[in-house]
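J.: Below is a structure I'd like to ask you about.
Since every read-out is calculated from the coordinates, none of them should be taken as a lab result. Worth saying up front: this structure is predicted, and the values here are computed from it rather than measured. In this analysis, Cβ positions are derived from the backbone assuming ideal geometry, glycine residues included, and neighbour counts consider all displayed protein chains.
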Amino acid sequence: MADGEADAAMAGATPYLRLISYAAGGAYLAQGGLADRGRIPLCRFFAENLLGETRALKERVIDGADSLAAAGKALISA
């Protein structure tokens with residue numbers, strides 16, 4: 001992996017982990033909601049309040065490296 005590719009991959013690492021945690025959390029809560037109908041309010045809360053962040057996280061994973069690199073350069077030169 002070239003240096004630029006490694007930097008881009010590392011820039012997306014934290015949002016990627018958050019994205020995976022939301023996806024896994026949603027999947028586990030959905031399974032729990034199917035097994036126990038009493039958990040459906042928790043599933044609904046998760047879906048309505050937390051899963052909306054996944055689109056922004058996906059964009060940061062894919063396109064966030066450039067803005068992070070620019071911010072880093074600005075902070076170093078300040």
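J.: Contour minus end-to-end for residue 27 and residue 77, with contour as 0.36 nm per residue of separation and end-to-end as the Cα-Cα distance?
T.: 13.6 nm
J.: Here is a follow-up. Per DSSP helix of 4 or more residues, -39500 (n - 2.57); summed, then divided by the residues of the chain. What does that give at 222 nm, rounded to the nearest 500?
T.: -28000 deg cm²/dmol
J.: Between residue 17 and residue 34, what is the label-to-label distance in nm when each label sits 7 Å out along the Cα-to-Cβ direction?
T.: Modelled inter-label distance: 3.0 nm.
J.: Mind listing P(r) for the range 3-77? All alpha-carbon pairs, 5 Å bins, whole percents.
T.: Here the calculated profile for the range 3-77 is 3, 16, 19, 16, 13, 10, 8, 6, 5, 2, 1, 0.
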